[in-house]
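See structure below.
The values are calculated or read from the model by the stated rules, or taken from the named source; none is laboratory data. What you see is a predicted model; the values in this text were computed from it and never measured. For neighbour counting, all protein chains shown are included, and Cβ atoms are generated from backbone atoms with ideal geometry for every residue, glycine included. In case anyone asks, the SASA skips ligands and DNA or RNA and just uses the protein heavy atoms, side chains included. Shrake-Rupley method; radii C 1.70, N 1.55, O 1.52, S 1.80 Å.
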Amino acid sequence: MNTKIIRTLVKKEMLDVFRDKKTVIMMMVVPVILYPLIFIGAMQVVAFISSSMETQNYRIAVDAGDDDAFLHKLLEQGEADEEENAYEITIVDAASVADYEAALNEETIDVYVAGKMQDGRMQYDVYYLNSVTNSDYAAGIVMEAFDELREEMTRQRIEAAGLNVHEILEPIGYEKENMSSSEQSLGSIMGSVLPFMLIISLLMGTMYPAIDTTAGERERGTLETILTLPVTNRQLIVSKFITVAVIGMISALLNILSMGGIAFYIYAILEMQSDVGSFDMAMFVPAILVCMLAIFAFSLFISAVTMCVTSFAKSYKEANNYITPLMLVVMFVGYIGFIPNLELTRAMAMMPVANICLLIKNMLVFKVDYGLIAVVLISNVAYAVVAILFLSKIYDSEAILFSEQKGSLQLFEKRSNLRKGGVPTVSDVWFVVAVTILLVLYAGSLLQVKYGLAGVFGTQLILLLVPLALVIYTKKDMKLTYGFTGTGAAGFVGSAFLAVGVYLINIMLAGGLMKLFPQSAENVETTFSGIMGDNVPAAFLVIALAPAVCEEMLFRGLILHSLKARYRVVSAIAITAALFGAYHMSLVKFIPTGLLGAVLCYVVWKTGSIYPAMLMHFLNNACSVIVTYFPEQAGRVVPMLVKDSVTFADMLLLLGAGLPMLGIGVLVLRKCRKS
């Protein structure tokens, strides 16, 4: 590859990017100016609120027949705290409060205390509003006074009985000693917040240059000119990628320096306090170096991904719309750093975004595993290479680079302006799929929790009806969109062989994945068993038949045919299969369902009909229902179906039985005819 051409292209791309003020602002202003202002401003606001709460005048009404015992204790506490806190307590005459609830709402009093003798002891009720800051704070003062009064009265009664107060109230002694070093405590706090802020700031830093080098160039009309130059598509892609990645790395470095400056500022403030131990900041140097390597590796990955996403857009506005879902996904996964007791295992080290967050978190608490560090770094670089290869496919496709109508959003256009026929656009499909998944997550989850199997059926109806409404509104051809065409008997026979083959192989895969992700497997089993119930025919209807129709019409119908109209068949199948695997929302089920989804797509592609795929989907799910309700009978046919764990020999046997079935199914499908 000619490095001189790439250097020239990189120089050109860098100049174009730095002419954009948005990029400079996001790369320079946000980390260097905005972050320090946010942190320091937040600290000042918290300090101001805390000091203002300690200088307020709190109005408390006490109505208790205790000879003013609590009232005196409350006043004593106010006097005792006078040196530390400047707040004042004003005792309001309870007789002047006709309606304490109205007085609290009108904020003429902050707390109303009522007390009466009950079963030989005083029972106090404290009325306050936790939605009103002063009332909530005053209630805390009142509860502290109650604690002191209770302790004082308890001591008095023990002494009156002639007993030893210390032995009665404190029969045991204990001390809690924190064995974590000051550096580990600081690293634990930083490890929860810092990874999330870094990945988000890095995404923001790469987002605008990625948009500018892809959609921005297309909107300016300069892409066609560049493609006519004597440079290859690969040289063009590499130069754009290097530009975005370098800017992302600069942005990451500035963020690290900015956050490091904030950390030193906080450290300097803490060091001034006599009760805070000193920190050896030199201990964080190895962690910082590894974190920088991790961030740079992640910069390669996120730069390639953002470029892939923005390459489908024709304008800045459309690119921003496309990048929003990516940002939400990255933010959602980034929250993994806040989850306690989640360890960086070899499996987690392969998960994008999550591996970076957990690695930084581990390094900041001085948990060093060089093998896991290598896995995280190599996996991010590998994912970046895959994304770049996909990007090169995009730039090799004129249909993608120069299409004007195939990707436009038609859902919000006036229906009278839409033409009949064809399949939905990719933009329409993405929008409707996002809406459908959200409805399934919220409404579907509630339905399943409340109604069990009936709720699952309702979830399947969501998958069917929402996309169907899109097809009807945009006047698309039902036959083309869903593959409602006939096929020969070979299509059904081949799909049956494929169903058996992929089911056996998925048992093998599930057995291995259950060992890697035991918690996820347990969650799946608990969820599945919780909704099955005792009605076998209903289970066959909801678990086997309904998904075979509803999920197939969504994934192998709407999604596959819309993607196939714009992308290559292999890409359309891969994307559809990945979506199908992700829809089941389980680490254990992602790969098996993804494989099943890919085979189902292959069936639809070879037969031209969705009906064989529906049959195959039904057979796959029906096997799961049979194993659940009739484990003994199923175990006699295939013993591995009911085993708690699958051995390596079992896996080889399943693979040996499943692959021939897949081979027979493929051979049969090659002879089927498309109607």
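Overview of results
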read-out	value
Neighbourhood charge, 12 Å Cβ-Cβ cut-off, centred on LEU545 and excluding it, Lys, Arg +1 and Asp, Glu -1	-2
Pairs from LYS11/LYS393; LYS314/LYS476; LYS564/LYS589; LYS476/LYS564; LYS606/LYS671 whose Cα-Cα separation, in the structure shown, is over 18 Å	LYS11/LYS393; LYS314/LYS476; LYS564/LYS589
Length-normalised contact order of segment 407-468 in % [C-alpha pairs under 8 Å, at least 6 apart]	28
Mean ellipticity per residue at 222 nm, deg cm²/dmol - from DSSP H runs of n ≥ 4 across the chain, formula -39500 (n - 2.57)	-21500 deg cm²/dmol
The chain: relative contact order in percent, alpha carbon pairs under 8 Å with at least 6 residues between	12
Average accessible area per residue (Å²) across the chain - probe 1.4 Å, nucleic acids and ligands excluded	52
Value of D in µm² per second that Stokes-Einstein yields for segment 439-516, Kirkwood Rh from Cα pairs, at 10 °C (1.306 mPa s)	99
For semi-axes √(5λ) of the Cα gyration tensor in Å, calculated from these coordinates, the label among [x] 49, 28, 23; [y] 91, 41, 17; [z] 57, 37, 27	[z]
Net charge, LEU470 excluded, C-beta distance under 11 Å - Lys, Arg +1, Asp, Glu -1	+1
Proximal lysines relative to LYS73, as straight alpha-carbon distance under 26 Å, when same-chain residues fewer than 8 apart are discounted	LYS116
With Cα atoms, 0 to 90° folded angle of helix 316-334 axis to the chain main axis	60
Net charge over other residues, Cβ less than 9 angstrom from the Cβ of LYS73 (K, R count +1; D, E count -1)	-3
Acute angle (nearest 10 degrees) that the helix 453-473 long axis makes with the longest principal axis of the chain, alpha-carbon atoms	60
Sites matching chymotrypsin sites (Phe, Trp or Tyr not before Pro) across segment 341-397 that sit in DSSP coil, with at most 16 neighbouring C-beta atoms within 10 Å	PHE366
Dimensions in Å of segment 103-166 - Rg and Dmax from alpha carbons	15.5, 49
Sulfur and carbon atoms: percent of accessible area, the chain [1.4 Å]	64
For segment 96-156 and segment 289-331, distance of Cα centres in Å	54
